[in-house]
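Following: one structure in structure tokens, then a few remarks.
The values are calculated or read from the model by the stated rules, or taken from the named source; none is laboratory data. This is a predicted model, so every value here is computed, not measured. Each accessible area value is taken on the protein alone, full model and side chains, heavy atoms only, with ligands, DNA and RNA left out. Shrake-Rupley method; radii C 1.70, N 1.55, O 1.52, S 1.80 Å.
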Amino acid sequence: MFPYLVEGRPRYFIGRQTDETADQLPGKYIKQKRWILAPSGGRVSNGIEEPIFGADTVRAGEPLIITEGITDAIGAHQAGYAAVSPVTVRFKREHAAALVELCRPARPIYLIMDSEESGAGIRGAVVTGI
């Protein structure tokens, strides 16, 4: 389990499946549910919004690393660097304004995405950089 910290407190979680995970689900990571079923059968927000992972590490005038994966960002944190991650190849549209505000005071900004054969990391870096 990886917590997303907001003002130093856990506000959201993502878990990673391993070979020992009892209930194998599609995908490597499982995010915290943001929706519940209403009595009418529709989906209703449970009030939990996914923050940007690593946002608390950003410091004005300091370098910022944008990584693809959550463990890449954690590694950067452990090495003493500010790092944020979309926890996939690109940030959600709903995070665009918040990402711009996080990046505004940081200098320089490095995009470090995966370079797998599919090219998904490079495409994610291009979309993030735009």
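A simple rule links phi to the HN-Hα coupling: the Karplus curve 6.51 cos²θ - 1.76 cosθ + 1.60 with θ = phi - 60°, which for the range 9-24 gives 10, x, 10, 7, 9, 9, x, 10, 6, 10, 5, 8, 5, 5, 9, 5 Hz, with x for Gly and Pro. Within the chain, DSSP assigns beta bridges of which about 65% are antiparallel (rounded to the nearest 5). Close amide-amide hydrogen proximity is noted between Tyr12 and Tyr4, each under 5 Å apart and 5 or more residues distant or on a separate chain (H modeled in the peptide plane; Pro and chain starts excluded). Among Gln32, Gln78, Gln24, determine the one that fluctuates most according to a GNM of the chain built with springs between C-alpha atoms less than 10 Å apart. Comparing Gln32, Gln78, Gln24 in the GNM, the peak value goes to Gln24. Once the Cα atoms are used to define both axes, helix 120-129 deviates from the longest principal axis of the chain by about 70 degrees.
Considering only Cα atoms, the convex hull volume of the chain works out to 147 Å³ per residue. With helices as the sole contributors, the chain gives -6000 deg cm²/dmol at 222 nm; each DSSP H run of n ≥ 4 counts as -39500 (n - 2.57), and the sum is divided by every residue.
Only protein atoms count toward the accessible area here, which uses a 1.4 Å probe; on the range 55-130, the carbon and sulfur part of that area reaches 56 percent. Per the Kirkwood definition applied to all pairs of different Cα atoms, how many angstroms is the hydrodynamic radius of the range 60-130? Roughly 12.2 Å, rounded to one decimal.
Structure remark: mean-square fluctuation, Gaussian network model of the chain, C-alpha springs under 10 Å; the largest value among Tyr12, Tyr81, Tyr29 belongs to Tyr29. Most fluctuating residue of Leu25, Leu102, Leu64 in a GNM of the chain with Cα springs under 10 Å: which is it? Per the Cα network of the chain with a 10 Å cutoff, Leu25 tops the list. Rolling a 1.4 angstrom probe over the protein heavy atoms with all chains in place gives the range 28-130 an accessible area of 61 Å² per residue.
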